[in-house]
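Working notes, beginning with the structure itself.
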Amino acid sequence: MSKLKNVIKQLSESDYQNIFESLLNSGAEKSAHLLKYIREKQLNDTKIMEALDLNTSAYYTMRSRLNQKIEEYLLQQMENPRTDLVKKTASIQDVVFNKNRSLSITTLKKFEKELQSYDLSNELTIVYKLLKKMHAHTAEGYHYKQMYNKHVAYMLALDKAEDIITDYFRKYGEYFVASDPTKKTELEFMLKEVCNVSKLYQSHRLYVYQNLVYIFHLIHVNENVEISTEDDSVEDIFTKIDKIFEDYYLDTFYFNIKIVFEFLKMEYYSKYKLYKNVEKYFDQVNMVLPIFLDCYSLFTFPSRVLLTKLERNLRMYYERNLYDESKILLDNVYLDKDDKPSFILHHSYRALCCYYVDKYEECTTWLDKLTENVVFKYYPEAFVQVKLLLILQYALLKDKKGFEQTFGSIKRFIRDDENEELDTNYMLAYLKMLRYSFSDNPKLKAIKMREYMSKIVLPEEGFCMLNYVRLDDRLLQRLM
């Protein structure tokens, strides 16, 4: 909420009035009143909810939409010099044909400086192509030919860096969901590759590209990876990138990619349990969650935020809030079935949200949808995790038929030679605990279930859905 309040307070009076009137004219009266309460009356969340007669979920949704409306308005007001430069460069040949040589060269050199400041390599190649031709009879022609060649190579380097980033995060999804340590080597190779490309040029854009991968890798793959960087710490990198965003605040790519670094800050502080810092960035990411999940898979692995949300809400004992929130934020998110890791994480998250509010049948529906749409041949760990959560629902529903069928499926999977590398100790202890929930002897049931629960030691790395299930006395009571 603090970010939204700060933005609203910093609006000019004319911008504030324009946004307020726009909300009223579009029929969003409550959003307009929310804007007014924050700007003029400075009420806290509880008071605003009472004044607008909203429950927590509806208030949360309205706040998110208001934030988006304000950002859209501010973006429309920007006179974007980067866009203007791109448009002018498209018609730059008119300068050559309609102005004398001296004036044309002066204009092109002015364009050169402006394009350099925005790191627009594609447009720079057009300018250098013209400059080298206009200096064909002078010594400067060689210089501009070299600059042209350099920026063609630089443009290709940017394309290569973008391709590596996309491949890295696609591969990370497979690595995480499959819990396959052999894929770590491939990820580290791609990290080194993008770092090597970045070192070829002094470029703030390549620096941003490099650190999209580097910081994520330190947090989620290997914090001891040996990559030489010019900065001493992740905090130093965040500071430098914030400065780049500040210097080029009208750059549309930076405007949009900034949320990825807010996400990385949240993930970084969450990893090191600096929870006060986590809260600074959680709200910013959560407010744009549908767009983040839909649109940012080219530059990060956005579905990872769902697990961070689970960890945060479990830590704060807010997990029951996730069910209503998931319906508001995630019902309209596009799910790409070809992006199997993200598809698996989304359905697992929705299933857990149902479980937290004791909607066990709805939880099984989400898990059934998952198994119907994904072939788990390459994701054995994810397959067994889905089955382990599913069998828990059958135990809670006292559905013995569903329980026995799933129990047999898991046992066959565990005994399969292809899955011999899986850690099955916690799985077997978990299955034995659940099987005793069907015992007719209440005393023996309680003793044995508690005994086997104490033997469950869950893996700390990789995709493990049981890490988001409280194995505690309340669960035992529900299973009795």
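The values are calculated or read from the model by the stated rules, or taken from the named source; none is laboratory data. Everything numeric here is computed off the predicted structure, so don't read it as measured data. We place every Cβ from the backbone using ideal geometry, glycine too, and count neighbours over all the protein chains shown.
Things worth noting here:
The rows are residues; the columns are (1) acidic (Asp, Glu); (2) buried (at least 17 other Cβ atoms within 10 Å of the Cβ); (3) under 33 Å from the mean Cα position of the chain (by Cα).
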{"site": "425", "(1), (2), (3)": "no, no, yes"}
{"site": "428", "(1), (2), (3)": "no, no, no"}
{"site": "432", "(1), (2), (3)": "no, no, no"}
{"site": "452", "(1), (2), (3)": "no, yes, no"}
{"site": "455", "(1), (2), (3)": "no, no, no"}
{"site": "468", "(1), (2), (3)": "no, yes, yes"}
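- So residue 432, is it within 25 Å of residue 341 (Cβ to Cβ), of a type in the set (Lys, Arg) and part of a helix (DSSP H, G or I): no
- Residue, surrounded by the most Cβ atoms within 10 Å (Cβ to Cβ), within the range 254-293, restricted to residues that are of a type outside the set (Phe, Trp, Tyr) and not in a helix (DSSP H, G or I): 288
- Residues in the range 196-216 that are among the basic types (Lys, Arg) and without any contact (Cβ under 8 Å) to a residue 24 or more places away in the chain: 199 alone.
- Just one residue in the set 162, 193 is closer than 28 Å to residue 346 by Cβ and touching a residue at least 12 places away in the same chain (Cβ under 8 Å); that residue is 162.
- Checked against the criterion of being β-branched (Val, Ile, Thr) and closer than 24 Å to residue 395 by Cα, the range 326-340 contains not a single residue that satisfies it.
- Flag for residue 319 being modelled with pLDDT of 90 or more, crowded, with 20+ Cβ neighbours inside 10 Å and within 16 Å of residue 353 (Cα to Cα): yes
- Of the criteria (1) under 23 Å from residue 348 (Cβ atoms); (2) exposed (fewer than 13 other Cβ atoms within 10 Å of the Cβ); (3) not hydroxyl-bearing (Ser, Thr, Tyr), which one residue 444 fails: (1)
- Note on the range 330-407: enclosed helices (runs of 4 or more DSSP H) holding 3 or more residues that are over 20 Å from residue 304 (Cα atoms) are 360-373, 380-397.
- Among the conditions (1) modelled with pLDDT of 90 or more; (2) under 16 Å from the mean Cα position of the chain (by Cα), residue 256 misses just one, which is (1).
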